[in-house]
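Novice: Quick one: the structure is below, questions incoming.
What follows is calculated from the coordinates using simple rules that are stated; it is not laboratory data. Every value quoted in this text rests on a predicted model; they were computed, and no experiment measured them. Cβ atoms come from the backbone with ideal geometry, glycine included; neighbour counts cover every protein chain shown.
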Amino acid sequence: MAAVLVLAAAQLPGAQSAAHAVPRAEQRISAVEARQGAASDGHFVYAIGNNRIGKYAIATGRRVASWKGNSRRFPHINSCTVVERALVCAASNFPAFPPASSVEFFGSDRLVHLRSISLGGGPGWLTAMDRHHGQWWAAFANYDGRGGQPRRDHRSTLLVRMDDAFRHLQAWTFPPTILERLAPNSVSGVSWTADGRLTVSGHDRPELHVVAVPAAGTVLKHVATISVVTSGQAIDWDPRDPKLLWSVDRKRKQIVSSRPQF
């Protein structure tokens, strides 16, 4: 259990400030769905956009499958991750009140919607999740001003560890050094690296934050902030090429791969 809760990464030089080296984009794939985030299974990359998902072959950049749902039933799918043969997606009713979230399962082959797990009301809108050591790690977002909850703002954003039934086991807030860079928005992406580092992305800055679960207390440890080639949104590390990061360029409607430097 200790291995799950405490990351091996030590405090790195440059923590709490963005690195200057910006990685180059290795591949850009045009995708009309590239609005909220990207996910990869190593052979294909998935573009996520509210109520649309596109599946693209990494080798050719060609779209091989797509899905579009009813916007009233699926108002805000923000991110997905591939687990075995399923695309597991974080969804919510954002910006409706009160916040309510669900986990949506799709067959990764043909993008057929398989099932929905309603989480009901929660501490924010579910924006991102990843699976690590047999458990789910999820971000529940909160925002300032328009789109935010009364008496809650970006500082109320939580990282939550959940079991297979999506029951909350533990939760942590983010440190001020990360919150000030998320404001007025929140966490959009959560993804574990192959070597056990937890990375989170914001809404609009070209950077990733590396965090660690503290040995005690309620606030995550800020290990480092690194530069990336795209501006925020949900991310995913490639399972076949562990140093390759997938993200989206919203303005260009592209899925982008790059190699950020830790």
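Novice: Starting at the first residue of segment 134-144, write each ³J(HN,Hα) from the Karplus equation 6.51 cos²θ - 1.76 cosθ + 1.60 with θ = phi - 60°, in whole Hz, x for Gly and Pro.
Specialist: Each residue's phi maps through the Karplus curve to give x, 9, 9, 10, 9, 9, 10, 8, 9, 10, 8 Hz.
Novice: Would you mind ranking 133, 154 by Cβ crowding within 10 Å, fewest neighbours first?
Specialist: 133, 154
Novice: Another question about this same structure. Using 0.36 nm times the number of residues separating residue 109 and residue 169, minus their current alpha carbon distance, what extension gain do you get?
Specialist: 18.5 nm
Novice: What is the sum of charges around residue 133, taking Lys and Arg as +1, Asp and Glu as -1, for the other residues whose C-beta is under 15 Å from the C-beta of residue 133?
Specialist: Combined, the nearby Lys, Arg, Asp and Glu give -1.
Novice: Right, here's the next one. Between residue 204 and residue 131, what length comes free when the chain is fully extended (0.36 nm per residue of separation minus the Cα-Cα distance, one decimal in nm)?
Specialist: 23.9 nm
Novice: If you don't mind, there's one more thing I want to ask. When a/c reaches 1.5 or more, the comparison of a/b and b/c decides; with that in mind, is segment 205-262 rounded, prolate or oblate per its Cα gyration tensor?
Specialist: In terms of gyration-tensor shape, prolate.
Novice: Amide H to amide H, which residues 5 or more places from residue 83 or on other chains are under 5 Å from it, using H placed in the peptide plane?
Specialist: 88
Novice: Do you know the relative contact order of the chain, to the nearest whole percent, from alpha carbon pairs under 8 angstrom that are 6+ apart?
Specialist: Reported as a whole number, the value is 22 percent.
Novice: Between residue 216 and residue 97, what is the FRET efficiency for a Förster distance of 25 Å, r being their Cβ-Cβ separation, to the nearest 0.05?
Specialist: 0.15
Novice: Now, a different point. Between residue 155 and residue 83, what is the label-to-label distance in nm when each label sits 7 Å out along the Cα-to-Cβ direction?
Specialist: Reported label-point gap for residue 155 and residue 83 is 3.3 nm.
Novice: If you put +1 on each Lys and Arg Cβ and -1 on each Asp and Glu Cβ, how big is the dipole of the chain around its Cα centre, in Debye rounded to 20?
Specialist: So the dipole magnitude of the chain works out to roughly 720 debye.
Novice: For the chain, modelled as a GNM with alpha-carbon contacts under 10 angstrom, which of 49, 37, 189 fluctuates the most?
Specialist: 49
Novice: Rounded, prolate or oblate, given the Cα gyration tensor of the chain, with a/c below 1.5 counting as rounded?
Specialist: Rounded is the answer for the chain, as its axis ratio a/c remains below 1.5.
Novice: I need the phi-derived Karplus couplings for segment 190-201: 6.51 cos²θ - 1.76 cosθ + 1.60, θ = phi - 60°, integer Hz, Gly and Pro marked x.
Specialist: Working through the residues one at a time gives 9, 8, 8, 7, 5, 9, x, 9, 9, 10, 10, 10 Hz.
Novice: Fewest to most neighbouring Cβ within 10 Å: what's the order for 41, 130, 204?
Specialist: By the 10 Å Cβ count, ascending, the order reads 204, 41, 130.
Novice: Counting alpha carbon pairs within less than 8 Å and at least 6 residues apart, what relative contact order, in whole percent, applies to segment 100-160?
Specialist: So the answer I get is 25 percent.
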